[in-house]
Amino acid sequence: MKKKILVANRGEIAIRLIRAIHELGCTAVAVYEKTDDKSRHIRLADEAILLGDGPRVDYLNIAKVIAAAKKSGAEAIHPGYGFLAENPDFAKACEDAGIIFIGPSSKVIADLGNKVVARSIMAEAGIPMVPGTEDLPPGNEGFKRAKKFGREYGYPVMLKATCGGGGRGIRCIDDEVQLVEEIPAARAEALAAFNDDSVYLEKVVLKPKHVEVQVIADKTGKTLHLGTRDCSIQRRNQKLIEIAPSRVANPELLEEICQTAVRAAKAANYFNAGTVEFLIDHDFNYYFMEINTRIQVEHTVTEMITGIDIVRNQIKLAFGYELSFGQSDVQIRGHAIEMRINAEDPKNNFMPEGGKQVRVYRSTGGFGVRLDGFVYQGYDIPEVYDSLLVKLTVHGFTWDETVERVKRCLKDFAIVGPKTTIPFYLNIADDPDFISGDFNTSYLDTHPHLFHYDEEIGEAGKLARLIAEIHHCGENPFAS
């Protein structure tokens with residue numbers, strides 16, 4: 001493949017995409033905002049085009065990204081995740097400009113991005129779902145329908161932005177008074193985040209497991225699954241730790257969920273890579289949540305346990321190649337854990353640490369270890385972007401081996417400057433409930449001891465060790 005592909009993203013996912021593009025023998029074009037001019041992705045790409053001063057607005061500017069693609073002569077655009085990745089208008093603009101969008105069609109993105117439309121598609125296909133409403137109309141009629149749903153199904157209920165995603169636009173409602181108060185605020189939040197103020201209600205599944213299935217499909221309709229992931233450990237409805245395969249102790253149920261995910265993807269006429277998400281209650285009933293029409297942050301754990309390069313396949317599928325493997329070729333080997341090392345303070349409600357410099361950065365490594373990151377020593381963390389610094393993904397033959405490996409890697413890491421989620425993850429990796437798989441989406445709320453750690457001593461100790469190593473190497477030129 002001698003193609004030129006523009007990467008419409010930044011950070012670790014941009015680097016991930018650029019690497020896959022280069023491995024295919026293609027040329028990678030990066031775009032960036034002035035705020036992001038020290039980011040590594042623009043140095044790894046073959047070309048880099050400045051979109052504007054930013055921050056954030058230029059990465060979201062469809063016209064500027066399309067213009068950059070035309071200027072560079074790019075034949076395709078990969079959106080990564082976030083920003084424009086699930087924007088049907090962006091996919092349509094690519095289609096209209098004769099540029100290949102590496103993902104599903106604009107119609108599929110529009111259908112599945114609207115949660116109410118997606119529920120309708122799934123209902124017709126017989127996919128099990130949590131009870132929910134259609135879009136709540138504005139004014140008194142919307143309040144009337146919302147109250148009726150709450151009285152019929154009981155509280156709590158979940159108030160959601162119809163076009164939401166990434167954990168945003170979601171509010172748990174405990175009673176009718178709160179429902180009336182929150183609907184106007186939810187509409188305003190949805191309008192600001194998604195340019196659409198429509199909202200709807202779903203019945204809450206209490207303390208569920210959040211399990212998702214990676215699917216992939218070519219243009220002939222061949223649709224496969226690549227196994228399950230468990231994404232139950234979250235903060236503010238956003239994932240922190242991902243595990244593959246799921247630790248749900250019911251392999252027959254997980255196989256049924258995988259087959260249901262394939263049926264869901266086919267019902268939506270899905271093409272390229274995507275993720276079908278489910279909730280599992282304590283009685284092992286499962287319910288469709290949504291289909292994410294993009295590469296997921298956590299795709300790394302699936303790649304580790306299957307050996308299948310999802311991004312490479314995304315690109316080839318977009319250029320018309322068919323899947324080169326069948327379902328029987330997808331073999332799950334061992335276990336994988338991904339931990340998102342964020343510049344955040346878990347003790348302060350995961351407050352981002354943007355605006356600080358990474359004074360010391362030393363990464364881990366070794367057998368079964370994968371790092372997807374973009375920071376370096378001396379990097380100034382912008383305040384305006386996502387707090388993710390690097391993704392640590394480890395693979396092991398057994399679950400115990402995988403847990404021990406991730407603990408070793410976390411201890412090997414040295415990041416000085418911003419507070420990070422590393423010491424918090426060390427507590428999780430030692431927790432008996434995590435080790436046994438006995439956790440759900442309420443895990444952080446029900447395990448407050450995880451937030452008890454002495455971060456300052458740990459970071460100071462690592463810094464002191466680094467200084468000692470530097471002096472040692474200076475005095476001993478043959479030291480390695």
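A short reminder: the numbers here are calculations on the coordinates, not readings from a lab. Keep in mind that what you see is a predicted model, and the values were worked out from it rather than measured. Counting neighbours? That spans all protein chains shown, and the Cβs are built from the backbone with ideal geometry, glycine included.
Can you put ASP431, ASP174, ASP372 in order, fewest other beta carbons within 10 Å first? Spell out each step's value before the answer.
Values: ASP431 16, ASP174 11, ASP372 20.
Listing ASP431, ASP174, ASP372 from fewest to most nearby Cβ atoms yields ASP174, ASP431, ASP372.
Just check the stretch 209-460 against the gyration tensor rule for me: Cα atoms, a ≥ b ≥ c as the square roots of the eigenvalues, rounded for a/c under 1.5, and otherwise prolate or oblate depending on whether a/b exceeds b/c. Prolate, since a/c reaches 1.5 and a/b exceeds b/c. Working note: 222 nm ellipticity from helices only, DSSP H runs with n ≥ 4, each -39,500 (n - 2.57), summed and divided by the residues of the chain, gives -11000 deg cm²/dmol to the nearest 500.
Between the alpha-carbon centers of the stretch 56-77 and the stretch 401-420, tell me the distance in whole angstrom. The distance from the Cα centre of the stretch 56-77 to that of the stretch 401-420 comes to 37 Å.
A simple packing score, the average count of other Cβ atoms within 10 Å per residue, orders the peptides 322-335, 375-388 as 375-388, 322-335, with the highest score first.
Taking each of LYS160/LYS239; LYS115/LYS209; LYS107/LYS219; LYS239/LYS316 in turn, the alpha-carbon distance tops 22 angstrom for LYS239/LYS316. Centroid-to-centroid, using Cα positions, the stretch 229-260 and the stretch 318-376 are 17 Å apart. Compare the Cα positions of LEU60, PRO432, HIS395 along the charge dipole of the chain (+1 at Cβ of Lys, Arg; -1 at Cβ of Asp, Glu; about the Cα centre) and return the one farthest towards the positive end. Of the candidates, LEU60 comes out farthest on the positive side.
Among the listed values [x] 23.4; [y] 22.1; [z] 25.0, the one computed from these coordinates for mean projected area of the Cα convex hull in nm² is [x].
Other residues within the sphere of radius under 12 Å centred on the Cβ of ALA343, judged by their own Cβ, net out at -3 (K and R +1, D and E -1). Packing around the peptides 26-37, 50-61, taken as the average count of other Cβ atoms within 10 Å per residue, puts them in this order, highest first: 26-37, 50-61. Grab the other residues whose beta carbon is less than 14 angstrom from that of GLU33, score K and R as +1, D and E as -1, and report the net. Residues near GLU33 contribute -1 overall. Taking Cβ atoms as reference points and 11 Å as the exclusive limit, the residues near ALA249 contribute a net charge of 0, counting Lys and Arg as +1 and Asp and Glu as -1. Residue-wise HN-Hα couplings along the stretch 321-327, as the Karplus relation 6.51 cos²θ - 1.76 cosθ + 1.60 with θ = phi - 60° gives them from phi, are 6, 8, 4, 8, 9, x, 4 Hz; Gly and Pro carry x.
Close amide-amide hydrogen proximity is noted between VAL31 and VAL7, ASN9, ILE49, each under 5 Å apart and 5 or more residues distant or on a separate chain (H modeled in the peptide plane; Pro and chain starts excluded).
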